[in-house]
Amino acid sequence: MLDSRLSEPLFKTTTVDRRVALRAWPLVQISHPGVSQEDWLSFAIATGRRLGKTGGVVAIEDSRGYIHAVFVWNVLRTVADRRAMRITDMIVAALPGRQLAETIVEAIHEMANQAGANSVLIEIGDRQLAPETLLSDGYEQFVLHCMRTTRGRIGDT
């Protein structure tokens, strides 16, 4: 008989609240050693509360509850009265394989579509663990597809 866990996705997306922020602390600490746990918790909770329905802090976790990525997202209006999703403060653990990068890109794609965003800007800082992760292993085209600006929503062809 097949193990039911084999059909479950390896990673899932979750909104960061205080409990999730505490679990994300080791990842944040490795990426930003100068940031205190108190500062991180304050930032994560305040950012989620401030952005509300137009944004928040998201974590990617595995089935054990370990956090492997975290980022902030928000949707803004552009000069042309379009909706643009902005991804900032991205921290990604260095893991082998492509599943984590694929999960991150798919989560961003889904959130952008749900928010009705016409474009996505992903800001990748210099202090993260693996900035090349999202652009490695053949995912360049997948990322570009997700970020393509069209007359409709992202991903429309």
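For an R0 of 30 angstrom, estimate the FRET efficiency from the Cβ-Cβ distance between Asp81 and Arg18 and round to the nearest 0.05. It comes to 0.25. Strictly greater than 16 Å: what percent of every Cα pair in segment 4-61 meets that? Every Cα pair in segment 4-61 considered, those over 16 Å come to 48 percent.
With a Förster radius of 41 Å applied to the C-beta separation of Ala46 and Glu110, the computed FRET efficiency comes to 0.95.
The label-point distance for Ala94 and Asp39, in a model that sets each label 7 Å from Cα toward Cβ, rounds to 2.3 nm. Over segment 29-129, the pair-distance histogram of Cα-Cα distances with 5 Å bins from zero comes to 2, 12, 20, 24, 20, 13, 6, 2, 0 percent, rounded to whole numbers.
Throughout, read-outs are computed from the coordinates displayed, never taken from laboratory work. The structure displayed is predicted, hence computed values, not measured ones. Methodologically, a virtual Cβ is constructed for each residue, glycine included, from the backbone with ideal geometry; neighbour enumeration extends over all protein chains shown.
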